[in-house]
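The values are calculated or read from the model by the stated rules, or taken from the named source; none is laboratory data. In this text, all values refer to a predicted model and were calculated from it rather than measured experimentally. We place every Cβ from the backbone using ideal geometry, glycine too, and count neighbours over all the protein chains shown.
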């Protein structure tokens, strides 16, 4: 199955209650052969309206972070753990995350990214349960044959400007981590 075919299936999803309040399903966007995949929490209002991830205020910060490491959206793939906007931008419920789990897993299988950057605590909880973003951000982790890199969610920096420096520093490490992965082999990195 191609990513386009999968995303067509995702766009028809009615597994949970979020299908009743969404405007659009936000499957993801970017390079379907990306070395780096970014996974956020859930679409916001603007994303729901446009059907594209990270196009609001947090998206502008993400774009700036990508530009700081000489990348563009077309170079990476951007998705969320939940494909439909939760009402009033509330946190996704555990059952909603579970309902979307397969979709995201299949996107990862098709894209085969070398590095999955987890944007914020909800995304981190989905892949690295029991970890704390305040402690584990900026530390690559190997889990189930994949390499994850948790960082603060760009939206968090809108509310806590003090986190922006941490986000910038964590992004600056991404090119080095990718090079380490390439040199050592797909599953080998220096953790922490």
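Table for the structure above
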quantity	calculated
Failed condition for residue 84, given (1) touching a helix residue (DSSP H, G or I) at 6+ places or on another chain (Cβ under 8 Å); (2) surrounded by fewer than 21 Cβ atoms within 10 Å (Cβ to Cβ); (3) under 15 Å from residue 43 (Cα atoms)	(2)
Residue match in the range 34-46 (condition: touching a residue at least 40 places away in the same chain (Cβ under 8 Å), assigned to a loop (DSSP other than H, G, I, E, B) and under 30 Å from residue 184 (Cβ atoms))	yes
Filter result (over 28 Å from residue 174 (Cα atoms) and not in a loop (DSSP other than H, G, I, E, B)) within the range 68-95	87, 88, 89, 94, 95
Residues of the range 9-26 that turn out to be closer than 14 Å to residue 52 by Cα and part of a helix (DSSP H, G or I), as a count	2
Residue selected from the range 138-154 under the condition touching a residue at least 40 places away in the same chain (Cβ under 8 Å) and on the phi < 0 side of the Ramachandran plot, by the criterion surrounded by the fewest Cβ atoms within 10 Å (Cβ to Cβ)	142
Subset of the range 96-113 [in contact (Cβ under 8 Å) with a residue 60 or more places away in the chain and either over 14 Å from residue 41 (Cβ atoms) or not in a helix (DSSP H, G or I) (or both)]	99, 103, 106, 107, 108, 110, 111, 112, 113
Selection from the range 115-137 of residues that are buried (at least 20 other Cβ atoms within 10 Å of the Cβ) and part of a loop (DSSP other than H, G, I, E, B)	120, 137
Residue in the range 30-46 that is more than 20 Å from residue 8 (Cα to Cα) and out of contact with any helix residue (DSSP H, G or I) (no Cβ under 9 Å at 6 or more places or on another chain) present	no
Subset tally (residues that are surrounded by fewer than 14 Cβ atoms within 10 Å (Cβ to Cβ), under 16 Å from residue 153 (Cβ atoms) and touching a helix residue (DSSP H, G or I) at 6+ places or on another chain (Cβ under 7 Å)) for the range 58-81	0
Enumeration of residues in the range 168-187 that are modelled with pLDDT of 95 or more and outside any helix (DSSP H, G or I)	173
